[in-house]
Amino acid sequence: MKNNIKEDKKLVSGYYEHPDDLIDAVRVIREKELPIEDIFTPFPIHGLDEIAGLRKSRIPTLGFIFGLIGSISAFGFMTWVFTVDYPLIIGGKPYFSVPAFIPITFEVTILFAALAMVFGFLIRSKLGMGAKNRIYDKKITDDHFLVLLKGDSSTLLESAKQVLSATGAMDVKIIED
Amino acid sequence: MYVSPVRETLITGNKTYKDVTNDISNPVEGKPGKFWYLGITISVIALFFGLFATIITIWYGIGTWGLNKTIGWGFSITTFVWWIGIGHAGTFISAILLLFRQRWRTSINRAAEAMTIFAVLCASVFPLIHMGRILLFFFMFPYPNTRHLWVNFNSPLLWDVFAITTYFIVSLLFWYMGLLPDLGSLRDRAKTRMRKISYRLLSFGWTGSMKHWQRHEILSLMLAGLAAPLVLSVHSIVSFDFATSVIPGWHTTIFPPYFVAGAIFSGFAMVQTLMIITRKALHLENYITLGHISSMNKIIILTGSIVGVAYLTELFMAWYSGVEYEHYAFINRATGPYWFAYWIMMTCNVVSPQLFWFKKIRRNPMITFVISIFINIGMWFERFVIIVTSLHRDYLPSSWSIYKPTIIEIGLFIGTLGLFFTGYFLFIKFFPVIAIAEVKSIIIVDRSKKQVKNADSEK
C-alpha cells in the first residue's frame, strides 16, 4: 500500500498569533499523538516545554559539576602552592590559611560553572557565530508562534494538516526538510 | 490569567507583540538624532583626553600624579571603587531582581547590564595603570615563572584580580546570552546587506525554538543564581582592600555590607541618570514608566538609608572604641582639611535620597535626574573621603601630608567617563536597549487582538 511506503521526512508548519492559541493547539496535538518536530515562539512560554513533552534540561547539573571542579582545583592549587611548592609566611598567616583561600575558591567556582553552562547551552543548542540554523519564518522573532509537525507518511501529514487547521493555525503548509 | 488589582501597569500604551518589536527596534534601525551625535562627540573627546592622560602616565610614570609617600592611593583608586560600585546595580537588577521575580526589571535590565560591563571596563583601567609598569601586568596572574615565586593568595589585592575578572566575564556572558533572542529579532527585520550579515553573526543563529528557550530560561536562572552571590562578593572583596589594613578609618568589620549597599546605591543612581535620558531620547516612555523610576527610587531610599546608618555607625564606633587614632580619624574627616569632601558626601548620600519618601518627588523624572546626579557625586566623594582623608593623617604626625590631584589624574577620570558614555551611546545605537523578548513575556495581548491588557493590571 502506498501509505506505508516511507517517503522523505516532511514537515508541516502553521503559525498562531497568540500564545494561548498555541498552547491549546499543542494540547490537542499531544492528545492525538502527532510527532512534534519543534515549536518556535518569540518569547519563552512557561509550561510549554512540559505540555510539548520536552525532557528537563541538564544545564544545572553541568554547572554543578564544573563548579565543583572549579572549587577543588582553586583550593587545591593554592594549598599546593603555599604548603608544598613554595611555603612562605606572609603577613603572619600560616602556610595553610583556609579563610584567606575562600574568596578565590568562590570566584573560580562561579567562573567555571558559568562558563560551562554557557558553552553547554551554545553547543547543545547548536548556536554560535556563523551557525546556520534554518529560519522557518522571519516573524517568529516578532509575533508568530510556529508549530512544526513531522510525518513520514502521507496519512500522518494529512492528519497533521487537519489538526493545525482545526486549531486555527494560519498558513498551514508542507515543507521539505 | 491573574490580573492584580493593586499593582500598576508595567508597560503602558496597550502594546501588541508587534508594537513591542517595532518600538524597541526602531531606534536601532533609524538614523540617530542630534542628541546622539552631540553625546557621542563629547564622549569621544573625553575619551581622547583620557587616552592622552594614560599615555603620559605610562610614558613618564605615576610621578605625574599628585601622590606622595603618605598618600599612595588617590584619585585613581577612588574612581576605581566608584566604577565598580556603579557596575553593581546592573547585576543587581538582572540577577537579584530576577530571583525575586520582579517583573519591572525587564524594561531596564538590558541597559543596566550594558552599564555594568562598561563600568567594570572603566574600573579595570585604574589598577592597571596604577601599577606603574603596565607591561608587567601579567605578574598579577599565578603562572609558573623563573623566580619560582607565586602570587600572594593571602592578599585581598589578588582576590580583587580574581573577583573582577570573574565579575566581568560572568556579566558579559549573562548580558550576551540575554541579547541573543533580540539580536535574532533585529536580524529578521534587517533590510540592508550590512545589517543582515552583522546581525546574523551576532545572533548566533537564534531560531526561537522551544528547546532553545527551555535551555535559555534555565541558563538565565542559573546565571542569576551565580551572579547574585558574585555581585555581593565583588564589593566585599573590594572593601577588604581597605578593611584588612591597619589604617584608622579603614580597619573596620562594617566595611563589606556597607560597601555593597553603597555600590547598589550608586549604581541605581547611575541607572536613573541613564534611563531618564534614554527614555526621553528614544521615546520609550511606555516601557520605562514613572512606575519603573519610582521602583528604582525605592531601592535608592533603602540602600541610601543603609549607607546613612553605616556612616553613623562608623562615627559611633570611633567614639565607643576608645581608640584615639580612630577617634581622631573621624574628627579629621569632618573638620580637617578635607572637610568639604565629608560634607558633600553626607549631604548627597544621606540627605538627598530621603526626599524620595515623597511620592511626588519619587515619580518626577526631572527631580529624580537631579538627585541621581547628586548621588553619583556623593558616592564618588565617599570613596575619596575613605581613601584620601584616612591616609593623609595617619599614626605619625611628621608624615602627615596633603594630596592634590594633577591635571593628568583628572584627565584619567574624565577619560573613563568618556569611555563609559561612548560605550553606552554605541550600545543604544546598535543593540536593542530593552529586552524585547522579556517585555513580550510580561504583557498580555488579548486574544481578539483589539484590546490589550497588561499582566499586572486591569487599567
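The values are calculated or read from the model by the stated rules, or taken from the named source; none is laboratory data. Being a predicted model, the structure only gives us computed values, none of them experimental. No Cβ is skipped: glycine too gets one built from the backbone with ideal geometry, and neighbour counts run over all protein chains shown.
When only residues in the stretch B:222-246 that are assigned to a helix (DSSP H, G or I) and over 17 Å from the mean Cα position of the chain (by Cα) count, which is farthest from the other protein chains (Cβ to nearest Cβ)? Among them, the one singled out is B:Phe242. Only one of the numbered conditions (1) in a helix (DSSP H, G or I); (2) crowded, with 23+ Cβ neighbours inside 10 Å is not met by B:Phe421, and that is (2). Applying the condition of being touching an Asp or Glu at 6+ places or on another chain (Cβ under 9 Å) and among the aliphatic types (A, V, I, L, M) to the stretch A:104-144 and asking which residue is nearest to the other protein chains (Cβ to nearest Cβ) yields A:Ile140.
One line per residue, one yes/no per condition, for (1) within 10 Å of chain A (Cβ to nearest Cβ); (2) within 30 Å of A:Ser97 (Cβ to Cβ); (3) of a type in the set (A, V, I, L, M); (4) surrounded by fewer than 20 Cβ atoms within 10 Å (Cβ to Cβ):
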site	(1), (2), (3), (4)
B:Asn109	no, no, no, no
B:Leu128	no, yes, yes, yes
B:Asn152	yes, yes, no, yes
B:Ala163	yes, yes, yes, no
B:Asp182	yes, no, no, no
B:Ala190	yes, no, yes, yes
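Among the numbered conditions (1) part of a helix (DSSP H, G or I); (2) touching a residue at least 12 places away in the same chain (Cβ under 8 Å), the only one that B:Gly249 does not meet is (1). Just one of the listed residues (B:Gly61, B:Gly74, B:Gly85) is exposed (fewer than 15 other Cβ atoms within 10 Å of the Cβ) and farther than 17 Å from B:Thr422 by Cβ, namely B:Gly61. Flag: B:Leu219 matches the condition of being in a helix (DSSP H, G or I), within 10 Å of chain A (Cβ to nearest Cβ) and crowded, with 21+ Cβ neighbours inside 10 Å. Within the stretch B:194-216, the residues that satisfy the criterion of being hydrophobic (A, V, I, L, M, F, W, C), part of a helix (DSSP H, G or I) and within 7 Å of chain A (Cβ to nearest Cβ) are B:Leu201, B:Met210, B:Trp213. Summed over the stretch B:72-86, the residues that are of a type outside the set (S, T, N, Q), in a helix (DSSP H, G or I) and either more than 8 Å from the chain's Cα centre (by Cα) or at pLDDT below 90 (or both) give a count of 5. For the stretch A:146-177, filtering for residues that are on the phi > 0 side of the Ramachandran plot and either part of a helix (DSSP H, G or I) or surrounded by fewer than 13 Cβ atoms within 10 Å (Cβ to Cβ) (or both) leaves 1. Please specify each residue of the stretch B:261-278 satisfying the condition of being in contact with a Pro (Cβ under 8 Å, 6 or more places away or on another chain) and either crowded, with 20+ Cβ neighbours inside 10 Å or at pLDDT below 90 (or both). Within the stretch B:261-278, B:Phe265 is the sole residue that qualifies. For the stretch A:70-98, the set of residues classified as outside any helix (DSSP H, G or I), more than 7 Å from every other protein chain (Cβ to nearest Cβ) and loosely packed, with under 14 Cβ neighbours inside 10 Å consists of A:Pro87, A:Leu88, A:Ile89, A:Gly92, A:Pro94, A:Phe96, listed by residue number. With the structure loaded, tell me whether A:Gly53 is of a type outside the set (A, V, I, L, M), more than 19 Å from B:Ile164 (Cα to Cα), within 17 Å of the chain's Cα centre (by Cα) and crowded, with 17+ Cβ neighbours inside 10 Å or whether it fails that test. Taking the combined requirement at face value, the residue does not satisfy it. Within the stretch B:382-410, the residues that satisfy the criterion of being buried (at least 21 other Cβ atoms within 10 Å of the Cβ) and closer than 21 Å to B:Phe118 by Cα are B:Arg383, B:Glu409.
Just so you know, in the stretch A:52-69 the residues that are more than 7 Å from chain B (Cβ to nearest Cβ) and among the β-branched types (Val, Ile, Thr) include one that is nearest to B:Ser155 (Cα to Cα), and it is A:Ile69. Here A:Phe101 fulfils each of the conditions (1) aromatic (Phe, Trp, Tyr); (2) crowded, with 17+ Cβ neighbours inside 10 Å; (3) more than 8 Å from chain B (Cβ to nearest Cβ) apart from (3). When each of A:Lys32, A:Lys93 is tested for being assigned by TED's automatic domain parsing to the domain that holds A:Lys150 and over 18 Å from B:Trp213 (Cβ atoms), the lone residue that passes is A:Lys32.
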